[in-house]
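The values are calculated or read from the model by the stated rules, or taken from the named source; none is laboratory data. Since the model is a prediction, treat every value here as computed from it, not as a measurement. We place every Cβ from the backbone using ideal geometry, glycine too, and count neighbours over all the protein chains shown. Surface areas here come from the heavy atoms of the whole protein model, side chains and all, with no ligands, DNA or RNA. Shrake-Rupley method; radii C 1.70, N 1.55, O 1.52, S 1.80 Å.
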Amino acid sequence: MTCTIYTPAYAQSASIAQPASTESTEDKLQKLTAAVAQAQAQMNAYQNQMQELQKQLSALRQQLAAERSVAPASPSPPPPITGESSSQEGSASLEEIRERQAMEDTQIATHEQTKVETESKYPLKVTGLLLFNTSVNTRQVDIPEDPTYAIPGGGSTALSLRQTILGLDARGPELMGAASDADVRVDFFAIGSQSNYAANGLLRLRTAHAGLNWNHTRAFVALDRSLVAPYTPTSLVAVGEPPLAWSGNLWAWVPQIGVSHSVPLHHSVLKLAAGLVQVPNPPSLGQTTTNPPAVWQTERSRWPGTNARIAFAKGDNGEGPEIGLGGYFSPHMTASNVRFNAWAGTLDLRLPVGRHIEFLSNVYRGQALGGLGAGGYVDYVFEYTTTTRVLHPLDDIGGWAQLKFKPKARLEFNGAYGIDNPFANDIRRSIASSSTETYSGLSRNRTAFGNVIYSPSAYLLFSVEYRKLWTNYAGGSTNTSDVIGLGAGYRF
């Protein structure tokens with residue numbers, strides 16, 4: 001009896017459960033079908049609305065064209081006694097139509113504008129800064145448009161567009177799970193023998209980058225500042241050569257290849273970067289670009305230089321305080337096959353103070369730093385004994401610091417000071433022991449500046465800046481110059 005009672009009950013429950021599962025699946029399918037149908041209906045309705053709007057736009061354009069063609073030929077009838085309001089309404093309606101047409105024409109032009117097309121078909125963006133500068137120098141300086149040191153002599157006034165910058169930004173395909181990108185910047189600050197009434201200078205490659213980006217790692221090739229000098233002071237007047245160039249700012253743009261990696265920590269980031277670098281020979285005084293001989297000293301040595309930096313940044317996104325240590329080493333060889341080494345140790349700091357104030361600094365100590373933009377334009381000096389001539393890399397120490405106050409997003413105040421100080425003992429020994437050669441560099445160069453930069457829109461920039469130069473030559477007095485500069489830029 002027990003089996004005959006429970007076995008049918010079990011079979012009945014199973015037979016009831018099966019249709020319930022089938023009905024649930026069918027309900028889901030019906031709901032999905034209904035949702036697709038509803039979405040299709042909405043798309044058809046949107047398409048019909050777009051067609052209707054296009055018809056209305058065409059009708060409005062025809063009506064406006066007809067009114068423009070008829071209005072000059074036949075004067076409008078005099079308005080009735082109560083027609084003053086009607087005339088105002090008609091005028092307002094016509095003005096509204098014109099405004100609407102102008103807006104629509106602008107939108108159509110924006111959508112139909114020609115895009116930058118590349119052979120690779122990947123996105124390419126044209127950027128730049130059209131920059132006008134004027135400078136008044138109370139004493140003679142090396143470059144009137146963007147002075148970096150003072151020279152004995154009278155003052156000068158300069159107007160220039162040579163510091164205008166043009167650039168290209170590109171994004172490329174993915175490779176090994178990494179996104180690729182590249183950019184290049186050029187200006188017109190090179191020196192050339194050709195000039196005309198409008199400009200003086202030639203196209204010059206400033207910086208270039210190309211890299212592969214993973215989540216926390218970047219492999220790159222670049223023409224840019226060395227890794228040991230990550231920051232630069234802020235100025236809209238000194239752009240051709242960055243602010244505090246040859247006054248403690250290791251600004252030189254040098255070819256390099258390397259890897260950077262960030263290690264996220266608890267509310268902080270550890271940054272690591274290292275690479276190979278080729279540093280050019282130092283330029284001569286008064287030369288804005290490096291025109292190297294057939295072979296650089298680093299190329300003669302047949303060994304590339306190295307530079308590396310480790311930094312610790314506080315904050316979840318690395319936007320808090322950051323402190324970094326850097327090192328640079330590069331073998332050199334002179335044209336007479338004399339080997340010497342260039343090296344530097346650096347310390348950099350970024351310290352936000354509240355929401356509106358930021359402190360930046362970079363200091364260094366090293367030897368033979370002329371190719372990086374320091375050392376008074378000199379890599380080495382000669383010391384003479386009774387029988388031999390000994391090459392000695394020039395020791396150097398320097399750095400800069402800047403305080404930025406930004407009360408609003410489009411207004412900022414900057415004040416900075418920098419110094420580059422080759423060791424006086426090295427210079428004295430070279431001068432004292434040489435009867436035929438003289439020291440060709442600076443013995444010390446200092447610069448201080450303050451500026452205001454205002455941006456009334458995202459594309460317009462205006463600045464006024466005061467700069468003071470103190471320059472010492474070997475065995476001479478201090479030369480000074482006051483520089484008052486104005487800058488106006490259009491960013492595109």
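Assorted remarks:
- For the range 21-30, the condition of being modelled with pLDDT of 60 or more and open to solvent by less than 80 Å² (accessible area, probe 1.4 Å) holds for at least one residue.
- Test for Thr471: is it assigned to a strand (DSSP E or B) and hydroxyl-bearing (Ser, Thr, Tyr): yes
- Listed conditions (1) at pLDDT below 95; (2) of a type in the set (Ser, Thr, Tyr); (3) surrounded by fewer than 21 Cβ atoms within 10 Å (Cβ to Cβ) are all met by Tyr490, apart from (1).
- Qualifying positions in the range 459-477 - under 15 Å from Leu131 (Cα atoms) and of a type in the set (Gly, Ala, Ser): Ser463
- Check on Ser330, of a type in the set (Ser, Thr, Tyr) and over 17 Å from Val279 (Cβ atoms): no
- Ser260 vs. criteria in contact with a Phe, Trp or Tyr (Cβ under 9 Å, 6 or more places away or on another chain), among the polar types (S, T, N, Q) and over 28 Å from Leu461 (Cβ atoms): yes
Per-residue answers, yes or no, for (1) under 15 Å from the mean Cα position of the chain (by Cα); (2) closer than 27 Å to Pro144 by Cα; (3) open to solvent by less than 30 Å² (accessible area, probe 1.4 Å):
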{"position": "Thr217", "(1), (2), (3)": "no, no, no"}
{"position": "Arg225", "(1), (2), (3)": "yes, yes, no"}
{"position": "Pro233", "(1), (2), (3)": "yes, yes, yes"}
{"position": "Val239", "(1), (2), (3)": "yes, yes, yes"}
{"position": "Leu244", "(1), (2), (3)": "no, yes, yes"}
{"position": "Leu250", "(1), (2), (3)": "no, yes, yes"}
{"position": "Trp253", "(1), (2), (3)": "yes, yes, no"}
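- Considering the range 144-159, and only residues there that are surrounded by 23 or more Cβ atoms within 10 Å (Cβ to Cβ) and more than 28 Å from Ala458 (Cβ to Cβ), the residue that is farthest from the chain's Cα centre (by Cα) turns out to be Ala150.
- Qualifying residue in the range 277-295 (condition: under 23 Å from Ile357 (Cα atoms), open to solvent by less than 20 Å² (accessible area, probe 1.4 Å) and assigned to a strand (DSSP E or B)): no
- Any hit, the range 209-224, residues being among the basic types (Lys, Arg) and closer than 24 Å to Asn281 by Cβ: no
- Any hit, the range 423-441, residues being in a strand (DSSP E or B) and surrounded by 22 or more Cβ atoms within 10 Å (Cβ to Cβ): no
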